[in-house]
Structure formats: structure tokens, C-alpha cells
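Shown next, in C-alpha cells, is the structure this report addresses.
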Amino acid sequence: MPARLLPRLLAIAAAVTLSVQQAAAQSILRDAETEALLQEMSAPLVKAAGLEKGNVEVIMINDPSINAFVAGGQAVYIHSGLINAATDAGEVQGVIAHELGHVTGGHIIRFDEGAKAATNITILSLLLGLAAAAAGAPDAAMGVLAAGQQAAMGKFLSFTRTQESSADAAGAEYLSKAGISGRGSLEFFKKLQNQEFRYGYSQSDEAGFSRTHPLTGDRIANLRETYEKDPAWTKATDPALQERFTRVRAKLYGYLAEPAKTLSVYPPTDNSIPAHYARAYAYHKDALINKALVETAALIAAEPNNPYFLELEGQILLESGRPGQALPALRQANRLTGNNPLIATIFGHALIATEDPANYPEAERVLKAAVTRDRESPFAWYQLGVVYAAQGDMPRARLASAEQQVMERRFPEALQNAQAAFTGLPVGSPDWLRAQDITMQARAEMDKNKKKKKKKSEPEGNG
């Protein structure tokens with residue numbers, strides 16, 4: 001009996017695990033310009049939080065909902081829907097400040113405290129329920145179990161609300177230290193509140209007890225009192241930062257939205273840079289390449305040395321089957337950004353796509369520089385493997401494939417390629433040592449997966 005009941009009684013922990021898995025499964029959106037902007041927006045807040053500058057990442061998740069979260073380590077995940085909903089860079093900075101409050105508070109690490117307290121209540125109610133059932137009172141047993149579940153849920157939700165209030169306070173402190181107005185933070189909370197009104201979420205005090213976060217109205221009231229006293233309250237968002245945010249927001253919209261919707265929001269009569277940006281993506285997605293290139297031409301005419309405008313033009317030419325024509329724009333974009341890994345990868349891809357052997361040595365140099373600066377790019381490793389193979393260097397081609405497959409958790413294939421690379425590389429060379437490392441890592445992960453499968457296949461006790 002206990003073996004059948006316990007999974008139901010520990011539903012809180014199961015639900016939490018599922019939400020983390022779902023978050024982990026969401027796709028990450030990578031863009032050189034967006035990442036540079038998010039890092040710059042977060043830099044003063046990271047410093048105010050007492051964290052090391054290079055140790056905190058702000059990562060974009062492809063998800064239309066208005067949300068942000070931390071999931072361990074020093075990484076803040078922001079949904080694309082949040083960027084779309086924000087109209088001011090200060091709003092996003094307010095969200096980042098709040099999430100940094102979770103990081104510095106160790107809330108992910110301390111999550112087990114809340115879960116453990118809830119689980120203890122659940123287990124106690126289970127034991128009392130079993131005792132009542134054994135005494136011949138099944139109705140009383142069910143009542144005890146139901147009350148225990150409700151108490152456990154209440155304990156857990158109270159714990160998460162406390163964490164959220166703590167992160168709100170820390171976020172306000174970091175905004176103040178960074179000299180950033182809390183107006184953006186309040187505006188964003190108002191947008192969340194309007195969304196709650198739209199979906200009919202109750203704002204009563206009673207409803208507040210069943211939520212993971214404090215009532216949004218209460219959060220606004222508490223933060224307003226703090227923000228209005230701060231010297232930065234009347235400070236406007238930096239115009240240059242706001243312009244960059246507006247561009248990235250339009251770029252993201254054009255990339256993710258249906259072309260017809262993009263053209264409705266950014267009609268051809270709008271000659272602003274954000275509008276040209278959004279329409280270039282919309283036309284490209286509809287395979288209207290000439291129209292897309294008209295938009296990139298307008299962008300480059302306005303700012304000839306903007307690497308991101310050049311990158312977009314090169315990307316459109318490459319993806320429309322004109323890699324040779326894409327090279328000048330991508331080469332210049334790569335130079336202007338000092339070999340940004342994402343831009344270097346696209347440039348290397350274009351060099352390979354020309355199918356001109358004369359371009360392969362440059363492609364190898366560019367892609368090696370890309371993976372040196374950012375090893376977590378499966379596509380860059382794939383392209384490097386392609387160029388190694390095209391030049392007849394099969395051991396390094398296999399090693400590059402192994403690097404890609406480890407990141408994609410394809411451990412059997414990674415093991416096979418790493419072993420093949422290991423036998424063909426110069427003994428003691430850095431690549432030879434790396435092949436050895438991947439071999440050991442792949443074997444360890446495969447053994448771990450076997451043990452998990454074996455554990456799952458073992459029959460459960462009947463209690």
C-alpha cells in the first residue's frame with residue numbers, strides 16, 4: 001500500500017521536477033547582437049550584486065510566454081515573449097535584477113529546504129492515515145491524507161513566496177546601486193498584472209495563499225515605496241541603450257512572428273531602422289529575397305560599419321544559395337566584431353558552401369577561432385569537421401564530430417568518433433589528449449545511462 005500511495009502524496013516534488021525538465025528542453029536562441037546587448041544591460045547589475053563580471057550569463061529562450069528564471073549556476077534565462085512584451089530596456093533590467101536576487105540568495109540551492117518541509121508533512125500525514133486505516137476508519141484515513149496534502153502544498157507555496165519577495169528586495173537594491181530607475185521594473189509588473197486581469201486570475205487575499213508568487217498588486221505597492229525614494233527614480237533610460245533594445249526587439253519579432261503579422265506591425269511605410277530590421281526577416285522567411293536585400297541595403301546605407309546589419313545581409317545571401325556573394329559582408333562583420341564566435345561560424349559556413357578549395361584554409365582558421373572562444377556550439381564543430389574532411393584530415397574531422405556529438409548527448413557516436421580520432425592523431429598532441437578525454441567522458445555517460453535504465457526496469461516492491 002505505501003508503495004502505491006507515496007508517488008501521489010509526493011506530487012509537489014514530481015511537478016517541480018517536470019517544470020525543470022520542460023525548461024531544460026526549451027530551445028535557446030543565439031544571436032551575436034542580442035547576446036552583446038543583454039550582457040551590457042546586465043553588467044552594472046551583476047557588479048551591484050557582487051558577482052564576477054564574466055561568470056553571469058543572460059540566455060534567451062524561445063518561448064512566447066512572459067517569463068524569466070534561474071535554474072542553477074549563475075545563468076539568467078529570459079523568454080522571447082518577455083522581450084516582446086517589454087517596451088523599455090529598463091523593464092528588462094528590472095527582471096534581470098530580480099533574477100540576480102534569486103542567484104545571490106541561493107534560492108535554487110535552497111529549493112530542497114522548501115520541498116523537504118512539504119515532504120515531511122506529507123509523510124507524516126501518510127503515517128497517520130495508515131494508522132487510521134489500520135484502526136478500521138477508512139474515511140478518517142482519507143481525510144488525514146487530504147489535509148496533509150493541503151498543508152504540504154501550503155508550506156511549499158509559502159516558501160516560494162518568501163523567496164520571490166526576497167528576490168524583489170534584492171533586485172531593487174541592485175537597481176539602486178547600478179543607478180538604474182525602478183520605473184521600468186514597476187511598468188513590467190503592471191503588464192503582468194494586466195495579463196492576470198485579462199485571464200481572470202483572482203487578486204483576493206485568499207487567492208494569494210495558493211500562488212507561488214506574492215500578489216502582483218502587493219509587489220507593486222511594496223516596490224513603489226522603495227523605488228520612489230531612490231535617487232535614480234527620475235533617471236531616464238540611456239537613449240543609446242534604448243535604441244539598441246528597440247532594434248533587437250524588432251529583429252526578434254521579425255525572426256519569430258509570421259511574416260504577415262510582422263508586416264502589419266512594421267508596415268512598409270515605416271522607414272525606421274527597427275522596421276527595416278523586422279521586414280528583412282519577414283521577407284526572407286517568405287523567400288522574397290530581393291525585397292529582403294532592399295531592407296538590408298537600407299540598414300547598411302544608414303550605418304555602413306554596423307556588423308550586425310552586414311551579418312544579416314550575408315546570412316540572407318548564404319541561405320538563398322549565394323555563398324560567394326555573402327563573403328564580403330560576412331568577412332567585414334567578422335572583422336568588426338573581432339571574430340565573434342557566432343558570426344565567425346556563419347562566415348566559416350559560407351566559405352565552405354562556396355565549394356572552392358581555395359577558401360578552405362580560411363574557413364578552418366575562422367572556425368577554429370570560433371570554437372576556441374565558444375566551445376559550446378555544435379554547429380561550429382560540425383562545420384569544422386566538414387572542412388577538415390574536405391582537406392583530407394580525417395582524424396581531426398572525427399574529433400570535431402565527437403565534440404559536436406558530446407554536446408548533443410549522442411554518446412555512442414561520440415565514443416566511436418573519439419576512438420577513431422585517437423588512433424590517427426599525433427601521440428601526446430593537444431588533439432590526441434582531447435580525444436582521450438571525450439572517450440572517457442562518453443564511456444562514463446553511457447555507463448550512467450545504463451545504470452538508470454537498469455534501475456527503472458527493476459520491479460518495485462509491493463509494500
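The values are calculated or read from the model by the stated rules, or taken from the named source; none is laboratory data. Bear in mind the structure is a predicted one, so any value in this text is a computation, not a measurement. Please note: Cβ atoms are built from the backbone with ideal geometry, for glycine as well, and neighbour counts cover all protein chains shown. All accessible areas refer to the heavy atoms of the entire protein, side chains included, with ligands and DNA or RNA removed. Shrake-Rupley method; radii C 1.70, N 1.55, O 1.52, S 1.80 Å.
Descriptive notes on the structure:
- Tail weight of P(r) past 19 Å, computed on alpha-carbon pairs of segment 366-424, percent: 20
- Segment 374-452 and segment 31-62: distance between their alpha carbon centers, rounded to Å: 30
- Distance from the C-alpha centroid of segment 229-255 to that of segment 282-354: 25 Å, rounded to the whole angstrom.
- Computed over segment 338-463, the ratio Rg/Rh where both radii use C-alpha atoms and Rh is Kirkwood: 1.13
- Spread over its residues, the convex hull of the C-alpha atoms of segment 38-111 is 78 Å³ per residue.
- Available extension along the chain between Arg373 and Glu413 is 11.9 nm, counting 0.36 nm per residue and deducting the alpha carbon span.
- Taken over the Cα atoms of segment 214-281, the convex hull encloses 135 Å³ per residue.
- Pair Ala444, Thr87: separation of 7 Å Cα→Cβ label points (nm): 5.1
- Computed E for Asp437/Asn67 - FRET, C-beta separation, R0 45 angstrom, nearest 0.05: 0.80
- Equivalent-ellipsoid semi-axes of segment 282-323, from the Cα gyration tensor, Å, largest first: 17, 11, 7
- Phe69, Phe188, ranked by accessible area, largest first (probe 1.4 Å): Phe69, Phe188
- Candidate lysines - alpha carbon under 28 Å from Lys235, same-chain residues fewer than 8 apart omitted: Lys47, Lys53, Lys177, Lys190, Lys191, Lys251
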